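Inspection log for the structure reproduced underneath, given as C-alpha cells.
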Amino acid sequence: MKSFLTDRQRVNTPALNVPAPVPFVAAVAAGGKAPPALGRPGTHGHAAGSHGVTTNVECVRQGDRVIRIIVTCACGERIEVDCLYAAET
C-alpha cells in the first residue's frame, strides 16, 4: 500500500527548541520547597492559600531525571505533568 505522504511537498521547519528551565521547578527538582502560591484571587475559583493550605509540588525521579511533576492545589485539585526528554545522541 502506498503511503499517504508519498509525493507530498515537504516543508522545512526549524528543529524544536529545548525550553529554558522554570526556576522554581528546578529548585523543587533539586529537593527544595515550592514557593507559596501566587496571590491571584479568582484563579481556579478561590483565593490562593485559602483555608490555610498551600500548593504542594512533588517530583518523581528516575535516576537523575525528573519524569513527572505532581502539583496539588490548595483546593485539592491534582495536576500531573509528564516530563519528556529528547533522545540522547
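Every listed requirement among (1) surrounded by 10 or more Cβ atoms within 10 Å (Cβ to Cβ); (2) at pLDDT 80 or above is met by D64 save one, (1).
Screening the candidates C75, C83 for the property of being touching a Lys or Arg at 6+ places or on another chain (Cβ under 7 Å) and at pLDDT 75 or above yields one hit, C83. Selection of region 63-80 for residues being in a strand (DSSP E or B) and of a type outside the set (D, E, K, R) yields V66, I67, I69, I70, V71, T72, I79.
The values are calculated or read from the model by the stated rules, or taken from the named source; none is laboratory data. If you're wondering where the values come from, they're calculated on a predicted model, not measured in any experiment. When we count neighbours, we look across all protein chains shown, and the Cβ atoms used for this are built from the backbone with ideal geometry, even at glycine.
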